[in-house]
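Enquirer: One structure, pasted below without further comment.
All of the numbers you see were taken from the coordinates with simple rules; none came from a lab. Source: prediction; values computed, not measured. When we count neighbours, we look across all protein chains shown, and the Cβ atoms used for this are built from the backbone with ideal geometry, even at glycine.
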Amino acid sequence: MNNTRKSFFVLLFLLISICGFSQKIKIDKGEIKLDDKTIGFIEGKKPFFRIVSLDKSYGVTVELKKAPNEESLTLPWIELQDEESGKYNELEFKSRKFSAFNYDRSVVYELLDRNYISVEGLNKTAIESFINGESTGISAKRYGVQGEINKAENIADTYKLGIDDFGVIYSIKAQNPDPEDKRIGYIRMTSPSSNGDLKYEVMDLDNNLIATWFARGGSFSGYEKLLNQELITFNGKVFKAAFENRGNPIGYKMSNDITAMNIVRVLIGNGYTLGSPSLLKTK
């Protein structure tokens, strides 16, 4: 048998093996079926679900949680609670089979991936070990991040920011020699950028590049990850800033560009106040 045929049969064997071990979850009138075998029951609707074993002797409750004002595409996290003890722990969705249209099935797939449910039903030992173990701290992290975002938004509000059609950024807190001059910086948009996607750059009044924002798959020297709806500052800090395609229904105007304003607000809210460093040095 030549090498080509050997490679073909090896690949065929692997595909058969993968298909053979692939497990399919189905929810049918409250019954949880794994490869057509009933392994338990689920009831409720988003954000609350109750899952019980086949003999109904053991149950857990699931609550899907999100921090206020999180981006719409941010997945909720799962609070998994033991009905008997009332204790709980938290986990994030990691299953590739997540579906926003079937949260009940998505929850079961997540438990299946973590061996908290199997062909034998709910794995009480594994679930109790997880719940009684060290807290994952997901809610503290997510609420903490949201708190930082809210704080930045409140700071940005105090600057009364504006952008004109030429990309000039204005603020009532501008510190220019002429008190009527409210300029603090500039923003420009490049579409498409070198990576074929949307890019914005923010400069101070001395035209120093302060931050670069990428819509998707952006790369920046010295930063190893790709940037997606994120801005990176001159000193390597990275912040989320949402893309928003509303605001320009007929013809493009920078003054109506909500994405541009989102970027500037995030930057200002996190302490990058723009202005003119050279001017401040002479004061």
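Enquirer: Using label points projected 7 Å from each Cα along Cα→Cβ, tell me how many nm separate Lys160 and Lys87, to one decimal.
Expert: 5.6
Enquirer: A further question follows. I want to check a number: in the stretch 158-282, how many lysine pairs have alpha carbons closer than 25 Å, given a sequence separation of 8 or more or different chains?
Expert: The number of close lysine pairs in the stretch 158-282 is 22.
Enquirer: For Val119 and Asp206, what does the FRET efficiency come to when R0 = 45 Å and r is the distance between their Cβ atoms, rounded to the nearest 0.05?
Expert: So, using R0 = 45 Å, E works out to roughly 0.10.
Enquirer: If you stretched the chain out fully between Lys141 and Lys29, how much longer would it get, using 0.36 nm times the residue separation minus the C-alpha to C-alpha distance?
Expert: 36.7 nm
Enquirer: Setting aside same-chain residues fewer than 8 positions from Lys33, which lysines have a Cα under 24 Å from its Cα?
Expert: Once the sequence-local lysines are set aside, what remains near Lys33 is Lys24, Lys45, Lys46, Lys56, Lys94, Lys97, Lys124.
Enquirer: With every atom except the alpha carbons ignored, what do you get for Rg and Dmax of the chain, in angstroms?
Expert: 26.0, 85
Enquirer: I've got another one for you. As a test of the formula, what do you get for the chain when each DSSP H run with n ≥ 4 contributes -39,500 (n - 2.57) and the sum is divided by the residue count, at 222 nm and rounded to the nearest 500 deg cm²/dmol?
Expert: Rounded to the nearest 500, the figure is -8500 deg cm²/dmol.
Enquirer: In nm, what is the difference between 0.36 nm times the number of residues separating Leu54 and Phe243 and their Cα-Cα distance? Kindly include the intermediate steps, with their values, before the conclusion.
Expert: On the way: separation 189, 0.36 × 189 = 68.04 nm, distance 4.60 nm.
Full-extension gain reported as 63.4 nm.
Enquirer: Provide the per-residue ³J(HN,Hα) series for the stretch 256-266, in order, calculated from phi with Karplus coefficients 6.51, -1.76, 1.60 and θ = phi - 60°, each as a whole number of Hz, with x at glycine and proline positions.
Expert: Each residue's phi maps through the Karplus curve to give 9, 7, 5, 4, 4, 5, 4, 5, 5, 4, 4 Hz.
Enquirer: Right, next: If N is the number of residues in the stretch 158-282, what value comes out of its Cα radius of gyration divided by 2.2 N^0.38 Å?
Expert: Details: Rg = 14.4 Å, N = 125, 2.2 N^0.38 = 13.8 Å.
Here the Cα radius of gyration is 1.04 times the empirical estimate.
Enquirer: Going out from 0 in 5 Å bins, what whole percent of all Cα-Cα distances in the stretch 23-136 drops into each bin?
Expert: 2, 12, 24, 27, 20, 10, 4, 1, 0
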